[in-house]
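Here's the structure, in structure tokens; my notes come after.
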Amino acid sequence: MTHEHGPANEIVITTADNLEMEVSSGPMTRLAGVSELLTGSTGIHMAIANIPPGRCSTAHYHVNCESAIYVISGSGTFLSGEQLEKEEPINAGDFIFVPPDANHQPVNTSGTDDLIIIVARNAPVEIVVELEGAGRQDC
């Protein structure tokens with residue numbers, strides 16, 4: 001649903017039943033609450049993402065924006081580096097900063113619990129480059 005934009009200083013509240021379904025990254029699903037479509041934002045975007053147990057996003061990087069990630073619940077591994085060779089554990093309460101052009105792939109290492117993260121970025125629309133054949137392929 002699109003938002004009827006009012007004055008530039010209008011506050012917009014997006015309710016939980018009106019989130020914007022975004023393109024999935026592998027089995028990871030993402031729902032935006034602050035987006036250009038929903039709120040008219042031009043310099044920030046915020047969404048909640050869910051990675052099912054034992055699954056991961058595709059390996060990728062963002063050309064045009066920084067991202068900040070907050071782990072709400074679950075645990076996993078965050079892959080980064082030129083060949084995604086760096087593996088770091090992530091858990092509820094962790095913050096992750098991803099600069100532009102940084103290869104990355106979040107992986108849910110739990111066999112039972114979803115990995116739920118908040119993703120914020122400093123651009124209304126991200127430009128994503130998928131890394132074919134890189135990172136974890138078995139999730």
(message) Can you tell me which condition Asn64 does not meet? The list is (1) among the polar types (S, T, N, Q); (2) surrounded by fewer than 18 Cβ atoms within 10 Å (Cβ to Cβ); (3) over 24 Å from Ser35 (Cβ atoms), and all the others hold.
(response) (3)
(message) Please determine whether any residue of region 56-73 is more than 14 Å from Asn103 (Cα to Cα), in a loop (DSSP other than H, G, I, E, B) and more than 12 Å from the chain's Cα centre (by Cα).
(response) no
(message) List the residue pairs whose Cβ atoms are under 6 Å apart, where the first residue sits in region 25-53 and is in contact (Cβ under 8 Å) with a residue 24 or more places away in the chain, the second is outside any strand (DSSP E or B) and among the hydrophobic types (A, V, I, L, M, F, W, C), and the two are 6 or more positions apart or on different chains.
(response) Thr39/Val12
(request) Among the candidates Val107, Val129, Val119, single out the residue that is in a strand (DSSP E or B) and in contact with a Gly (Cβ under 6 Å, 6 or more places away or on another chain). (result) Val107
(request) Could you list, in sequence order, all residues of region 27-44 that are within 20 Å of Asn103 (Cβ to Cβ) and crowded, with 19+ Cβ neighbours inside 10 Å? (result) Met28, Arg30
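Readers should treat all values here as calculations from the given coordinates under stated rules, not as data from a laboratory. All values reported here derive from a predicted model rather than from experimental measurement. Because the Cβ atoms are built from the backbone with ideal geometry, glycine has one as well, and the counts that use them run over all protein chains shown.
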